[in-house]
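Worksheet: the structure to be examined is printed underneath.
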Amino acid sequence: MRNIFALFLGVMILFSYVSAEKEKEDPLLLTVKPAKLTPLKKAAFEWLDKNMSEFQKINEKIWRLAEVAMEEYESAEVLASYLENMGFRVERGVAGMPTAFVAVYGSGEPIIGILAEYDALPGLSQDTVPYKKPLLEGQSGHGCGHNIFGTASTAAAVALKQVMDEKGLSGTIKLFGCPAEETVVGKVFMARDEVFDGLSCCIQWHPSSENNVSLDSSNAMNQFEVEFFGKTAHSAGDPWEGRSALDAVELTNVGLNYLREHLKPTARIHYVIQEGGGAPNVVPDYARAWYYVRDIDREHVEKDYERVLKIIEAASLMTETTYKVKFISGVHEMLSNRAGCEVVYSNLMLVGPPKFSEEEQAFAREIQKNLALEEKGLKTKIEPFKLPEKSWGSGSTDVAEVSWLTPTTGLGIVYKPVGTPGHHWASVACGGMSIGHKCMMTAAKVMAASGLDFLAQSEIIQKMREEWKENKKGKEYKSPLPSDLKPPLKPKKK
Ligand SMILES: [Zn+2]
């Protein structure tokens, strides 16, 4: 008996040692169990499966339209009119943007927000083939998969509505048609104009090369243009009469590059010169450059930005030019929400990653071959659910604004081959065919299932809101935009 006990003890010690070692390997790993398939979720999945071809058509239509930021007139209308036909009350042209809309169904609490995006990228037109072949030379394309983004979110919203009707669930679903994500504009203006106010929580996602739920943050950012105005002269004949606007841009950039050393390592400044004169023998009287200032949070960005403005002013003094700063947009850092993301992750495990056919994997490998990448195809697993390795992120997103107004969850679903760059023809190719459709259906199911958990279990939202309040550290949302700044509208193309 004693021997058996000793053996048992030995095994237990060994086991705890092994699991402790494993834990040591990845202390950031979180454990979440797969969600159960409830009758509500089963009903949502069945409705989505039954209506799959309709959503594939919508997905393809927006992919083909490929309208860039603030020009998404038809793409927004495809989604808005579908939602209206399905019984949602739609308000178009919110926050002064004709391509922004809100579609509402139901009444009372909880109020669940779902974000939709649909803008494309210039110059990325691409056919659904595994090699570079523009559909229309020089035209735009969905290089970030926002056609799938908008369609899946709409599908999830309508699936939720169907189940609410069928099973007598109360609450409100609000789908937000958010334009101009690529220019980091749409949601910032919508947030300033209180379009997202009053939500209990919000669901969003993004097409990706991984199936994951991330707790990472993102960088806060300000973006702006600077115009310098000088005086033209003959560069050889009477240059002393000239005041070069280009010199002012160059001196600004020299100053910024010296400034870098004296900013926190989290700061990121980048720029392009958009206009710098026409010919070397004419002193340029006009020059324009576009800047991004990013950092770990709003406070840091605002401090960095103050110093950048001083350098711009100094450059104008040195060159005897005048200048105008045109603020374009700014965003916060993203506040992640672990309580909400756990629910989304458990539903991602329930739904499972998209199942790609051998043909689709071959298509992905062909793309990788053509890009001299390892031919690994599309990921078929769910990434582990982990705490972030660092407390800031590299990119910036206007979803961050929403995350300051309500607890916001997110997920990524595979639509592009491993290793392919973002904003690339490969993403456009995959997003307009069956790979994109499968990504869309998976995302719609995970969001619908998560929405049902939020609708039916008020304690989840309560937990999410407690965490969210703590994350805000007593700060309230303050728009980075000047109160009189108007969205950069673009006219409707004929
Ligand atoms: Zn995107």
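The values are calculated or read from the model by the stated rules, or taken from the named source; none is laboratory data. The structure displayed is predicted, hence computed values, not measured ones. Here the Cβ is made from the backbone with ideal geometry for all residues, glycine too, and neighbour counts use every protein chain on show. The area values use the complete protein model at the heavy-atom level, side chains included, leaving out ligands, DNA and RNA. Shrake-Rupley method; radii C 1.70, N 1.55, O 1.52, S 1.80 Å.
Details
- With the alpha-carbon atoms of region 169-317 aligned to their principal axes, the span from lowest to highest coordinate is 79, 32, 32 Å, starting with the largest.
- Candidates Phe55, Ser346, Val418 compared by Cα position along the dipole of the chain: farthest toward the positive end lies Ser346, with charges placed on Cβ.
- When the Cα positions of Ser427, Tyr291, Leu136 are compared along the charge dipole of the chain, Ser427 comes out farthest toward the positive end, with charges on each C-beta of Lys, Arg, Asp and Glu.
- For region 336-469, the share of accessible area belonging to carbon and sulfur comes to 51 percent (1.4 Å probe, ligands and nucleic acids excluded).
- Angle in degrees between helix 338-351 and the longest Cα principal axis of the chain, rounded to the nearest 10: 60
- Label-to-label distance, nm, for residues given as Ser394 and Trp240 (7 Å Cα→Cβ offset): 5.1
- Charge dipole (Cα centre; +1 on Lys/Arg Cβ, -1 on Asp/Glu Cβ; no other charges) of the chain amounts to roughly 1080 debye.
- Ordered from largest to smallest accessible area (heavy atoms of protein chains, 1.4 Å probe), the residues Arg338, Arg89 come out as Arg89, Arg338.
- Angle between the chain longest axis and helix 298-319 axis [Cα atoms, degrees, rounded to 10]: 10
- Given charges at Cβ of Lys, Arg, Asp, Glu: the chain dipole, positive-most of Pro488, Phe189, Ile312: Phe189
- For region 387-457, the dipole from Cβ point charges (+1 on Lys and Arg, -1 on Asp and Glu) about the Cα centre works out to 280 debye, to the nearest 20.
- Rounded to the nearest 10 degrees, the inclination of helix 2-25 to the longest alpha-carbon principal axis of the chain is 20 degrees.
- Exposed-loop-free span, longest in the chain, where GluC sites (Glu not before Pro) count as exposed if DSSP calls them loop and at most 14 other C-beta atoms lie within 10 Å: 1-136
- Computed over protein heavy atoms with a 1.4 angstrom probe, the accessible surface ordering of Met441, Met349, largest first, is Met349, Met441.
- Each part gets one Cα centre, and for region 203-245 versus region 337-413 those centres are 29 Å apart.
- The chain: calculated mean residue ellipticity at 222 nm from DSSP helix runs of at least 4, using -39500 (n - 2.57): -14000 deg cm²/dmol
- Average accessible surface area per residue within region 207-287, 1.4 Å rolling probe, Å²: 49
- Within the accessible area of region 80-217 (1.4 Å probe), percent carbon and sulfur: 45
- R0 of 41 Å, Cβ-Cβ distance Leu309-Gln139: FRET efficiency to nearest 0.05: 0.65
- Diffusion constant of region 277-421 at 10 °C, which comes from Stokes-Einstein with the Kirkwood Cα-pair radius and 1.306 mPa s, µm²/s: 79
- Straight-distance candidates among the lysines for linking to Lys490, with alpha-carbon spacing under 20 Å and chain neighbours fewer than 8 residues away dropped: Lys187, Lys326.
- Hull volume in cubic angstrom per residue (convex hull over the Cα atoms of the chain): 197
- Computed with a 1.4 Å probe on the full set of protein chains, the accessible area for Ser209 sits at about 30 Å².
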